[in-house]
Structures are given as C-alpha cells and as structure tokens.
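Written out below as structure tokens is the structure these notes cover.
The values are calculated or read from the model by the stated rules, or taken from the named source; none is laboratory data. Source: prediction; values computed, not measured. For the accessible areas, the whole protein counts, side chains as well, though only heavy atoms, and no ligand, DNA or RNA atoms are used. Shrake-Rupley method; radii C 1.70, N 1.55, O 1.52, S 1.80 Å.
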Amino acid sequence: MLIDGSKHRTFKALVDYYVKEYSTGQIANQLCDVIDGLVTPAQHEAAQWTIDAMRNMATDRAFWKQDCVQVLSDIRSAAVSYFERQKEQSSDEVLFDIVQAVVLNFAVQPPNGK
C-alpha cells in the first residue's frame, strides 16, 4: 500500500490505512523489522532524524491533508539531505526503508492534533 493506491490520496489516508488494517502490535513489529534492516549507524541515525523532522512537521494540520505522494517524496528528500550532510551514501532501498519507517512510526504513534 505504501505507494500503490496512494496517488491522489492524502497522507492521512495512508496512515489511517495502516491503523485500520493492522493492530498496533503488528505495526510495531513491521517498524522494528524495517529499522533492524538498516545495517549501519548512519542509516539508523538518518531514520531517526527523518522521523523526528517529519513529526515536527506533522503538528500542522495541513501536513495531513497534503497529497500522499508529495509527502512520501518530501520524506525521501529529507533522508537524502541527511545523508548528504553526513557525506554518506544511501541506496534507493535504504531510502525506501526510511520512508516506510516514518509512515509506520506515524501509524503506531500518531502525533497530537492529527
């Protein structure tokens, strides 16, 4: 569901999909699996930084109404920016995993005001 079916939907709709389809435990397990798949400390740091950055943006109600594909692209761009500042390389697979981690993080622990 991450990209498939997300075009012309809001980011909130994507997060709500996970919340409705999976239990909190299942989402948490998926999140742990994604995070465990990040093998280097830089990848873990990039994921945490990106999660934190997006959580800060998510306090604005307009964030949740944005087109899902745009938000996913913004998440990816934030992760790329982190790696560039650290002078680290990232693969498309790692960037996808970080995007997935951000989405799952919102699904397991939605911010206030959503």
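Taking amide hydrogens as placed 1.01 Å from N in the peptide plane, the amide H of Asp67 sits under 5 Å from that of no residue at least 5 positions away in sequence or on another chain.
How much accessible area per residue does the stretch 42-114 have, counting only protein heavy atoms and a probe of 1.4 Å, in square angstrom?
I get 52 Å² per residue for this part.
Only protein atoms count toward the accessible area here, which uses a 1.4 Å probe; on the stretch 17-87, the carbon and sulfur part of that area reaches 50 percent. Within a straight-line Cα-Cα reach of under 17 Å, Lys87 can be paired with the following aspartates and glutamates, leaving aside sequence neighbours fewer than 8 residues apart in one chain: Glu45.
With viscosity set to 1.002 mPa s at 20 °C, what whole-number translational diffusion coefficient in µm²/s follows for the chain from Stokes-Einstein and a Kirkwood radius over Cα pairs?
Reported coefficient: 152 µm²/s.
Let a ≥ b ≥ c be the square roots of the eigenvalues of the Cα gyration tensor of the stretch 64-114; is it rounded (a/c under 1.5), or, if not, prolate (a/b larger than b/c) or oblate? The shape class here is prolate.
Using helices alone, I'd like the mean residue ellipticity at 222 nm for the chain: each DSSP H run of four-plus residues gives -39500 (n - 2.57), total over residue count, nearest 500.
Only helices count here, giving -22500 deg cm²/dmol.
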